[in-house]
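Input: a single structure, listed below in C-alpha cells.
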Amino acid sequence: MHTPVLLNQVIEAMEIKKDGLYVDATLGEGGYTKAIIEKGGKVLAIDLDTEQIDRYNIETLERSNGVKLVQGNFREIEKIAKENNFFPVDGVVFDLGLSMRQISQSGRGFSFKKLFEPLDMRMNSNNEMTAEYLLNHLSESELFDVFAKNSEEINSQKIAREVVIRRQLRRLEKVGDLTGCIDRAIGEIDNNAYKRIFQALRIEVNDEFENLKNGLEGAMKIIKEDGKVAVVTFHSIEDRMVKNFSRGMGIKLLNKKVIMNRRGRSFEKSAKLRVLIREVDQRSLSR
Ligand SMILES: C[S@@+](CC[C@H](N)C(=O)[O-])C[C@H]1O[C@@H](n2cnc3c(N)ncnc32)[C@H](O)[C@@H]1O
C-alpha cells in the first residue's frame, strides 16, 4: 500500500478518539482510513472513482470492519453523511488530487509520461466531460482561460493557440498529441509545463475547485463543535482557497503556519496541510 505524504501529521493533528466518527472524503488507496481505524475510530470513506472503492474492498476483504464505503463526490459530503446516518462527526480529512495508482495504472491519461493513453482524465467515469472533449471543442480563448486560471502556466496563450492549429489537422486523442502541442508551443521539452497543463485540464474536467468549495462548506455542517477538518493540498490555488475559507465565521486554524512536506526545492510541488476547527459556539456554553 502507498503511504500518503503527511499521514503522521494528519493523524496526530486529528487526535483520533476511540469510537469517534470520521469521514475520509478521499479514500484513494486507504492510507488515512486504515490509520484512523487502527486508532479505534469509525470511518465513512468516500471516493469519486469506483475503481478505488472496488480495489479497497478487494484488498481489505473482511478486515474492513468499522468502515462504510461510498462512491460519490465529496461536494455532497453533508448529504452522504446524513443518508448514511453518520453525523455529527469528530473529524473530516481531505487529501486532494490523485493517488499514485490512478496516475500509474488507471489508463486515463493523467500522466504526461503515458503517451499512448487516451486524453480522458475523469476521476468518475460516469461523467460525460473528458479532456479530449475540452481540447477539441473549446475556443482558443476558453482553452487559454482553463490553462491560465487553473495552472498559472506562463505559456498558456501559446499552448492554446497550438492546440487549435493542430486539431484542425487531426483530432487530439492521446496524451502524446497534447505533449506534442506543448513542445511546439514552447520550443523545448519542459516537464513542468506538461505537469501544469495536465493538472489544469484535470481540474477542469473534474470541476475540482468547485468540489473543494462545496466540500469544505459541507464538512463544516456535519462536524461537531471542536471537531477538526484536515485538508492536504498539492496546488497553490487550492491551498489559498482553504486559507481563505478558514477566515469564515466560526472557523479557526489549528496551526497558523501551514504544515508542509517539501518535494525538491519548489514550493509549488509541496504537500500542504491545514487543519480547520469548528469553534465552540459561546452562546451554547452560556445557556
Ligand atoms: C490523493 S488521493 C487520496 C489518497 C489517500 N489518502 C490514500 O491514503 O491513499 C485522492 C483521492 O480522492 C479522490 N477524489 C478526488 N476528488 C474527489 C471528490 N470530489 N470526491 C470524492 N473523491 C475524490 C480521487 O479519486 C483519489 O482516489
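For the condition within 16 Å of the ligand (Cβ to nearest atom), in contact with a Leu (Cβ under 8 Å, 6 or more places away or on another chain) and not in a loop (DSSP other than H, G, I, E, B), what is the one hit in Val146, Val70? Going through Val146, Val70 in turn, just one is within 16 Å of the ligand (Cβ to nearest atom), in contact with a Leu (Cβ under 8 Å, 6 or more places away or on another chain) and not in a loop (DSSP other than H, G, I, E, B): Val70. Can you say whether Ile37 is part of a helix (DSSP H, G or I) and more than 25 Å from Ser104 (Cβ to Cβ), as far as the supplied structure shows? It is true that Ile37 is part of a helix (DSSP H, G or I) and more than 25 Å from Ser104 (Cβ to Cβ).
For Thr26, indicate whether it is part of a loop (DSSP other than H, G, I, E, B), near the ligand (Cβ under 9 Å from one of its atoms) and assigned by TED's automatic domain parsing to the domain that holds Gly227.
Numbers: part of a loop (DSSP other than H, G, I, E, B): yes; near the ligand (Cβ under 9 Å from one of its atoms): yes; assigned by TED's automatic domain parsing to the domain that holds Gly227: yes.
Answer is yes for this residue.
Can you name every residue in region 73-108 that is in a loop (DSSP other than H, G, I, E, B) and either under 21 Å from the mean Cα position of the chain (by Cα) or within 10 Å of the ligand (Cβ to nearest atom) (or both)?
Asn73, Leu96, Gly97, Leu98, Ser99, Ser106, Gly107, Arg108, listed by residue number.
Go through region 109-129 and report how many residues are within 18 Å of Glu208 (Cα to Cα) and in a strand (DSSP E or B).
First, pick out the residues of region 109-129 that are within 18 Å of Glu208 (Cα to Cα): 109-111, 119-129.
Next, from what is left, pick out any that are in a strand (DSSP E or B): none.
The total comes to 0.
Scanning region 200-225 for residues that are open to solvent by 50 Å² or more (accessible area, probe 1.4 Å) and at negative phi turns up Glu204, Glu210, Lys213, Glu217, Lys221, Lys224, Glu225. Taken over region 36-59, residues that are more than 15 Å from the chain's Cα centre (by Cα), within 11 Å of the ligand (Cβ to nearest atom) and open to solvent by less than 20 Å² (accessible area, probe 1.4 Å) amount to 3. Of all residues in region 174-183, none are within 16 Å of the ligand (Cβ to nearest atom) and either of a type in the set (D, E, K, R) or assigned to a loop (DSSP other than H, G, I, E, B) (or both).
Can you confirm whether Arg167 is in a loop (DSSP other than H, G, I, E, B), under 22 Å from Glu117 (Cα atoms) and at pLDDT 95 or above? Step through it out loud before you land on a result.
Values: in a loop (DSSP other than H, G, I, E, B): no; under 22 Å from Glu117 (Cα atoms): yes; at pLDDT 95 or above: yes.
No.
The values are calculated or read from the model by the stated rules, or taken from the named source; none is laboratory data. Keep in mind that what you see is a predicted model, and the values were worked out from it rather than measured. Methodologically, a virtual Cβ is constructed for each residue, glycine included, from the backbone with ideal geometry; neighbour enumeration extends over all protein chains shown. Side chains are part of the model used for accessible areas, which takes the heavy atoms of the whole protein and leaves out ligands, DNA and RNA. Shrake-Rupley method; radii C 1.70, N 1.55, O 1.52, S 1.80 Å.
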